[in-house]
Amino acid sequence: MPNSETYTIDVIPGDGIGQEVVPAAISCLDEVASQGDFSIQWRHRAWGSEHYHATGRMMPEDGIEQLSSGQGILLGAVGDASIPDDVTLWGLLIPIRREFEQYANLRPNRTLPGVPSPVGDKDVDMVIVRENVEGEYSEVGGRFHRGKPDEFAVQDAVFTRAGIERVTRFASELASSRSGRLVSATKSNGIIHTMPFWDEVVQETVAQYDGVSLEKVLVDALAARLVLKPEGVDVIVASNLFGDILSDLAAAVTGSIGIAPSANLNPEGRHPSLFEPVHGSAPDIAGQGLANPVAAIWAGAMMLQHLGQQDAAARLERAFTEVLAGGTKTADLGGTASTESFTEAVLTSLRNDPS
Ligand code: NAD
Ligand code: IPM
Ligand code: MN
């Protein structure tokens with residue numbers, strides 16, 4: 001295990017509750033680092049919508065270059081009602097994912113003790129592997145005949161063999177380290193070019209992994225299954241859009257989107273990876289101390305795991321799990337804790353953990 005190491009991590013709290021949950025995650029990460037004999041040097045980046053209002057950009061022109069010398073990125077959320085979402089997201093988060101080839105977006109979902117599912121007694125332990133840099137999120141297309149009665153818009157999805165293969169390999173390896181069961185989300189009954197191609201390449205790729213079984217499930221039916229019978233689902237591989245939608249759904253099934261973390265990975269380690277909650281800037285609750293910091297703290301644990309600090313990651317997961325199990329919860333989970341008091345409880349739990 002690496003000891004006495006210092007990691008350089010860029011931190012972008014961003015907008016809305018990003019400003020509340022990221023400081024919570026930082027204090028937990030600093031605590032667990034001090035217990036684990038390593039430290040994190042945070043490079044604070046005041047990028048986001050305020051930066052846009054001040055400069056006309058979501059991040060500096062050389063923002064990607066600035067991040068490239070770090071060992072990881074912790075992000076809160078991006079999005080503010082004063083700027084169109086396509087401008088904010090395509091000015092910050094999406095270019096980072098693309099420039100750093102973070103093609104595997106890992107989104108785990110687990111039922112946690114003390115956190116009831118809104119759809120009955122469920123025992124969920126799954127990971128969605130979302131293709132993160134191509135697919136339905138593309139810049140190919142345009143708006144035509146603007147302002148005319150026959151105005152229209154075209155958006156072309158881009159699926160490449162290499163892109164499908166690499167995310168499927170990642171998901172197959174993950175499945176192989178877990179139950180061996182892989183579900184592929186598809187829609188090849190309605191989307192007749194890209195989705196049959198997706199099915200074909202996924203199938204060919206998974207066939208190279210002994211011990212991994214593939215179940216192809218239409219995404220609409222999969223959405224229903226995640227609500228009604230999520231228990232048997234282990235690893236899901238999905239295109240960019242389907243993975244996005246399924247991950248909010250799966251998060252809600254396990255209690256709240258306030259607990260769901262994600263790791264945007266560049267699996268080859270050529271570029272920094274980015275860790276963030278699945279949720280957004282939640283303008284409806286921003287600035288009130290109501291935000292659940294679990295997703296951000298858990299994303300921090302995923303970052304530690306990625307950095308090779310497995311023990312510290314496990315301690316952190318144990319700490320927030322214990323706090324939730326003890327009944328301390330934020331309002332989204334039916335509790336009365338504030339972001340700050342929940343975080344204090346996690347810090348106390350970390351300090352009391354003898355292992
Ligand atoms: P959202 O995730 O911000 O909020 C959806 C609902 O969940 C809201 O009612 C919110 O209060 C609640 N919620 C979210 N996180 C919570 C938390 N930690 N604790 C308690 N409740 C929480 O989604 P939205 O409302 O569709 O989007 C708001 C903005 O965020 C938009 O601008 C959107 O584009 C952006 N967004 C950004 C990201 C990102 O940066 N990764 C992700 C999703 C949405
Ligand atoms: C997510 C978000 C983003 C996405 C948006 C904000 C562009 O919803 O990370 O889940 O769709 O990738
Ligand atoms: Mn999303």
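Which members of segment 204-249 meet the condition of being farther than 20 Å from Tyr103 by Cβ, small (Gly, Ala, Ser) and touching a residue at least 12 places away in the same chain (Cβ under 8 Å)?
Correct list: Gly211, Ser213, Ala223, Gly232.
Quick one: in segment 97-144, of everything that is within 16 Å of ligand 3 (Cβ to nearest atom) and of a type in the set (Gly, Ala, Ser), which residue is farthest from Ile259 (Cα to Cα)?
Checking each candidate, the answer is Gly135.
So the check is Cβ under 6 Å with 6+ separation or different chains; which pairs have a first residue in segment 6-28 that's more than 17 Å from Ser39 (Cβ to Cβ) and a second one that's aromatic (Phe, Trp, Tyr) and open to solvent by 10 Å² or more (accessible area, probe 1.4 Å)?
From residues that are more than 17 Å from Ser39 (Cβ to Cβ), the pairs are Ile12/Trp47.
Can you pull out every residue in segment 262-285 that is more than 15 Å from ligand 2 (Cβ to nearest atom) and touching a residue at least 40 places away in the same chain (Cβ under 8 Å)? Break it down into steps so the answer makes sense when it comes.
Filtering segment 262-285 down to residues more than 15 Å from ligand 2 (Cβ to nearest atom) leaves 266-272, 284-285.
Hits for segment 262-285 are Asn266, Pro267, Glu268, Arg270, His271, Pro272, Ile285.
Report yes if Gly63 is touching a residue at least 60 places away in the same chain (Cβ under 8 Å), away from ligand 2 (no atom under 16 Å from the Cβ), closer than 20 Å to Glu99 by Cα and not polar (S, T, N, Q), otherwise no.
Details: touching a residue at least 60 places away in the same chain (Cβ under 8 Å): no; away from ligand 2 (no atom under 16 Å from the Cβ): yes; closer than 20 Å to Glu99 by Cα: yes; not polar (S, T, N, Q): yes.
Spelling it out, it is not the case that Gly63 is touching a residue at least 60 places away in the same chain (Cβ under 8 Å), away from ligand 2 (no atom under 16 Å from the Cβ), closer than 20 Å to Glu99 by Cα and not polar (S, T, N, Q).
Consider Arg225 carefully, then state whether it is more than 29 Å from Ala81 (Cα to Cα), more than 11 Å from ligand 2 (Cβ to nearest atom) and in the same structural domain as Pro196 (by TED's automatic domain parsing).
In short, yes.
Assuming Pro283 fulfils every condition listed in (1) crowded, with 24+ Cβ neighbours inside 10 Å; (2) out of contact with any Phe, Trp or Tyr (no Cβ under 7 Å at 6 or more places or on another chain) apart from one, which condition is it?
Checking Pro283 against (1) crowded, with 24+ Cβ neighbours inside 10 Å; (2) out of contact with any Phe, Trp or Tyr (no Cβ under 7 Å at 6 or more places or on another chain), the one that fails is (1).
Going through segment 228-259 one residue at a time, which ones are in contact with an Asp or Glu (Cβ under 6 Å, 6 or more places away or on another chain), within 16 Å of ligand 2 (Cβ to nearest atom) and of a type outside the set (Val, Ile, Thr)?
Residues of segment 228-259 that are in contact with an Asp or Glu (Cβ under 6 Å, 6 or more places away or on another chain), as a first pass: 231, 239-241, 256-258.
Imposing the further condition that a residue be within 16 Å of ligand 2 (Cβ to nearest atom) reduces the set to 239-241, 256-258.
Selection gives Ser239, Asn240, Leu241, Ser256, Gly258.
Can you report the number of residues in segment 29-39 which are touching a Ser or Thr at 6+ places or on another chain (Cβ under 7 Å) and at pLDDT 95 or above? Lay out the reasoning, then the answer.
Just the residues of segment 29-39 that are touching a Ser or Thr at 6+ places or on another chain (Cβ under 7 Å), to begin with: 33, 37-39.
If we keep only those that are at pLDDT 95 or above as well, we get 33, 38-39.
Residues flagged as touching a Ser or Thr at 6+ places or on another chain (Cβ under 7 Å) and at pLDDT 95 or above within segment 29-39 amount to 3.
So which residues in segment 28-69 are crowded, with 20+ Cβ neighbours inside 10 Å, assigned to a loop (DSSP other than H, G, I, E, B) and among the small types (Gly, Ala, Ser)?
Listed by number, the list holds a single entry, Gly48.
Name the one entry in Ile245, Ile297, Ile257, Ile236 that is within 16 Å of ligand 3 (Cβ to nearest atom) and crowded, with 24+ Cβ neighbours inside 10 Å.
Ile236
Quick one: count up the residues across segment 70-91 that are within 15 Å of ligand 3 (Cβ to nearest atom) and either of a type in the set (A, V, I, L, M) or open to solvent by less than 60 Å² (accessible area, probe 1.4 Å) (or both). It would help to see each step written out before you state the result.
Kept after step one, since they are within 15 Å of ligand 3 (Cβ to nearest atom), are these residues of segment 70-91: 75-79, 85-86, 88-90.
Narrowing further to those that are either of a type in the set (A, V, I, L, M) or open to solvent by less than 60 Å² (accessible area, probe 1.4 Å) (or both): 75-79, 88-89.
Within segment 70-91, residues that are within 15 Å of ligand 3 (Cβ to nearest atom) and either of a type in the set (A, V, I, L, M) or open to solvent by less than 60 Å² (accessible area, probe 1.4 Å) (or both) number 7.
Grab the helices (runs of 4 or more DSSP H) fully contained in segment 261-355, keeping just those with 3 or more residues being under 21 Å from Gly18 (Cβ atoms) and in the same structural domain as Ala25 (by TED's automatic domain parsing).
Working: elements: 294-307, 310-325, 339-352.
Qualifying helices (runs of 4 or more DSSP H): 294-307, 339-352.
The values are calculated or read from the model by the stated rules, or taken from the named source; none is laboratory data. Please read all numbers here as calculations on a predicted model, not as lab measurements. Glycine gets a Cβ as well: all are built from the backbone with ideal geometry, and neighbour counts include every protein chain shown. Accessible surface areas use protein heavy atoms only, side chains included; no ligands, DNA or RNA. Shrake-Rupley method; radii C 1.70, N 1.55, O 1.52, S 1.80 Å.
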